[in-house]
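Shown next, in structure tokens, is the structure this report addresses.
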Amino acid sequence: MSVCATVLDTAVKVVTVVAYAFTSVQLGWKFWQWLDKKRKQKKEKDESNTMEMGLMPRGRFVDRVKRQAEEAWLAEFGPVLEAAKAAGRMEIQAEVRRLEEKLEVQQGLQQQWRLRVSNAEERETGLLGRIEGLERRVPPNLSRRLTTLEASLPTITHRHG
């Protein structure tokens with residue numbers, strides 16, 4: 001009886017452990033399903049809250065809704081927006097024209113200034129050229145004659161204030 005009791009006792013223990021394991025797995029699975037259900041409910045609740053607040057989660061449906069809203073907005077405000085763009089473009093073109101005119105005036109003034117400077121340089125070189133030509137034609141004994149002339153006319157050449 002002792003062997004039979006031991007085998008029977010072992011069999012009961014094995015069945016108990018298997019039943020306990022099965023029950024644990026089943027309860028774990030039920031718990032997992034319950035937890036997943038709670039997550040889904042929370043997700044749905046969050047989505048409904050965001051929809052109520054006007055915030056939409058990303059998705060194909062949301063993209064389509066967003067595109068439709070943009071098209072409706074453009075249909076309503078498109079002409080106003082185009083008019084504002086045209087007015088802005090005209091203002092920019094007027095500003096560009098004004099700046100181009102100002103630039104042309106500045107370039108004209110700069111060109112006149114260059115002409116004046118080049119004329120002054122030509123005049124200067126012309127005067128210098130004439131002076132150098134006159135100096136070349138001066139006779140060598142002129143400096144002695146000038147000294148004699150200066151000595152004879154002290155009142156004209158050496159004026160005292």
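Brief remarks follow.
- In the set (1) farther than 30 Å from Met51 by Cβ; (2) basic (Lys, Arg); (3) within 48 Å of the chain's Cα centre (by Cα); (4) modelled with pLDDT under 90, the condition left unmet by Arg97 is number (4).
- Tabulated pairs, the range 46-60, first at pLDDT 65 or above, second surrounded by 10 or more Cβ atoms within 10 Å (Cβ to Cβ), C-beta under 8 angstrom, 6+ apart or interchain: Glu47/Pro57; Thr50/Met56; Thr50/Pro57
- Filter pass, Arg114 being at pLDDT 70 or above and either of a type in the set (Lys, Arg) or surrounded by 10 or more Cβ atoms within 10 Å (Cβ to Cβ) (or both): yes
The values are calculated or read from the model by the stated rules, or taken from the named source; none is laboratory data. Not measured: the values here are computed from a predicted model. As a convention, Cβ positions derive from the backbone with ideal geometry for all residues, glycine included, and neighbour counts pool all protein chains shown.
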